[in-house]
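What follows is calculated from the coordinates using simple rules that are stated; it is not laboratory data. All of these numbers come straight from a predicted model, not from anything done at the bench. Note that we place each Cβ from the backbone using ideal geometry, even for glycine, and neighbour counts take in every protein chain shown.
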Amino acid sequence: MAAAAFLAAAPWRLESVDEIPLERQEDLLAVNVVALTALTHLFLRDMLARGRGRILNVASTADQLVTVPV
């Protein structure tokens, strides 16, 4: 996840993690983790009330396709 997220931070070139400001890294984590958790929570309540439902979380494999210099 980290490599894909950091590639998204600067798609025109690969950046070393130390070149990306901490605030930008936190923004990327918010999108990748907090948004997923919030959406799961939002739909989970209705599923529990109905007594059925499924949540499918899909992750990217882009982090396996690129190497981010460290």
- Take the Cβ-Cβ distance between Ala49 and Asp27 as r, set R0 to 22 Å, and report the resulting FRET efficiency rounded to the nearest 0.05. 0.10
- Under the Karplus relation 6.51 cos²θ - 1.76 cosθ + 1.60, θ = phi - 60°, what is the ordered set of whole-Hz ³J(HN,Hα) values for segment 43-57, x standing for Gly and Pro? 7, 4, 4, 5, 5, 5, 5, 7, x, 6, x, 9, 10, 10, 9
- How much net charge surrounds Leu44 when only other residues with a Cβ under 14 Å from its Cβ are counted (Lys, Arg +1; Asp, Glu -1)? +3
